[in-house]
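Report on the structure given below.
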């Protein structure tokens, strides 16, 4: 709600060239962002013909407002005061030339001169505005935050002040690397302001912003997210900040379950499981296919997926065996013409499952030479998101090949 301050005080008449103009006897005190009325009037109404009223800043000769030729001349007033300085037009005929100044700023503090010209007579009064600067306080968390890789965390930041959100800008930064995490400006979040590392992983609690709560949700925490974050608030020419530390990125429940499975698995499966875990530090979850015996000519699914689906726009999935391209998904379809000839018509995607985060590969007509390591690499938004490695071993299937 706009705060309009009507301050009624004793007035001091100023006589100049025969015209007595009255104004307040004491400075006007008002907070930032509010509206204030600068009194300027005469006891008896003046003829409207040739009436001219000027409001200026005497220290800089800045034209704040001009009434001339029967109307406000807004096009000649200084730009900073356009849409902020207004006359009570219906009161001019009654000798009231007061000015309402909206959305007070720190630079509005100082003297204002109201000069009235009427039929060869003139007079003026001086009004002093003092800005009541309320301290801008930004509150955060007193303790550091611990989280597990892949979890979501909340970084606290709230503003204690009379300012409203439309007068506040907020910048979240990772201070130890000087990375911009997210920005709130012009009364709305700016998602594109986020560094690529954080894009689509950070957001404000929009329902809380009217309460001056600018806390940040950081989703799918990664090991590289560890560090100090600053919430810096700008309002009315003032600034204040708070910091929070994200530390101790430990194992999540899903990681612990994977490790338990690793311990109970065979040695080769243990190696595979640990490889996948090490590549899971960016908050993504993939699965693995345990080594098993298969018959020549049969099919096998090499599993690769994440729990939370990725956006399919600009999504690229590569399955490789060393430098050999086994299968490629790009531009919304399998690029079969680019895969190595030995795998054409044998390596297939579950195309209808890609939108659900399943990038597994079905390899048909298995051959002895298919044994080896296969790497699944996912690229999203022009960067590598994760990769995992699958090992296909021969075991006793070779006996069937030799017989």
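Has the range 41-55 got any residue that is under 39 Å from the mean Cα position of the chain (by Cα) and not assigned by TED's automatic domain parsing to the domain that holds residue 239? First the steps, then the outcome.
Here is the first cut: in the range 41-55, the ones under 39 Å from the mean Cα position of the chain (by Cα) are none.
Taking every residue of the range 41-55 in turn, none turns out to be under 39 Å from the mean Cα position of the chain (by Cα) and not assigned by TED's automatic domain parsing to the domain that holds residue 239.
Criterion first (modelled with pLDDT under 65 and farther than 30 Å from residue 222 by Cα) does residue 338 satisfy it? Steps first, answer last, please.
On the way: modelled with pLDDT under 65: no; farther than 30 Å from residue 222 by Cα: yes.
No: the conditions fail for residue 338.
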Filtered residue count, the range 146-166, keeping only those that are surrounded by fewer than 16 Cβ atoms within 10 Å (Cβ to Cβ), in a strand (DSSP E or B) and at pLDDT 90 or above: 1
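Residue-wise test of (1) within 17 Å of residue 203 (Cβ to Cβ); (2) in contact with a strand residue (DSSP E or B) (Cβ under 8 Å, 6 or more places away or on another chain).
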site: 141; (1), (2): no, yes
site: 155; (1), (2): yes, yes
site: 158; (1), (2): yes, yes
site: 166; (1), (2): no, no
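Determine which member of the set 196, 182 is more than 17 Å from residue 238 (Cα to Cα), in contact (Cβ under 8 Å) with a residue 12 or more places away in the chain and buried (at least 18 other Cβ atoms within 10 Å of the Cβ). If you could, list the steps in order and put the result at the bottom.
Details: 196 fails: buried (at least 18 other Cβ atoms within 10 Å of the Cβ).
Sole residue among the options that is more than 17 Å from residue 238 (Cα to Cα), in contact (Cβ under 8 Å) with a residue 12 or more places away in the chain and buried (at least 18 other Cβ atoms within 10 Å of the Cβ): 182.
For residue 59, indicate whether it is touching a strand residue (DSSP E or B) at 6+ places or on another chain (Cβ under 9 Å), under 13 Å from residue 116 (Cα atoms) and exposed (fewer than 14 other Cβ atoms within 10 Å of the Cβ).
On the way: touching a strand residue (DSSP E or B) at 6+ places or on another chain (Cβ under 9 Å): yes; under 13 Å from residue 116 (Cα atoms): no; exposed (fewer than 14 other Cβ atoms within 10 Å of the Cβ): yes.
It is false that residue 59 is touching a strand residue (DSSP E or B) at 6+ places or on another chain (Cβ under 9 Å), under 13 Å from residue 116 (Cα atoms) and exposed (fewer than 14 other Cβ atoms within 10 Å of the Cβ).
Quick one: would you say residue 34 is within 25 Å of residue 166 (Cα to Cα), surrounded by 14 or more Cβ atoms within 10 Å (Cβ to Cβ), touching a strand residue (DSSP E or B) at 6+ places or on another chain (Cβ under 6 Å) and at pLDDT below 90?
Numbers: within 25 Å of residue 166 (Cα to Cα): yes; surrounded by 14 or more Cβ atoms within 10 Å (Cβ to Cβ): yes; touching a strand residue (DSSP E or B) at 6+ places or on another chain (Cβ under 6 Å): yes; at pLDDT below 90: yes.
In short, yes.
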Lone unmet requirement of (1) surrounded by 14 or more Cβ atoms within 10 Å (Cβ to Cβ); (2) without any contact (Cβ under 8 Å) to a residue 24 or more places away in the chain; (3) over 19 Å from residue 225 (Cβ atoms) for residue 169: (2)
Single condition residue 63 does not satisfy, out of (1) over 39 Å from the mean Cα position of the chain (by Cα); (2) on the phi < 0 side of the Ramachandran plot: (1)
Elements of type strands (runs of 3 or more DSSP E) in the range 72-134, at least 3 residues being in contact with a strand residue (DSSP E or B) (Cβ under 7 Å, 6 or more places away or on another chain) and surrounded by 20 or more Cβ atoms within 10 Å (Cβ to Cβ): 110-118, 121-132
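The values are calculated or read from the model by the stated rules, or taken from the named source; none is laboratory data. Just so you know, these numbers come straight off a predicted model, no measurement behind them. Every residue, glycine as well, gets a Cβ built from its backbone with ideal geometry; the counts of neighbours run over all protein chains shown.
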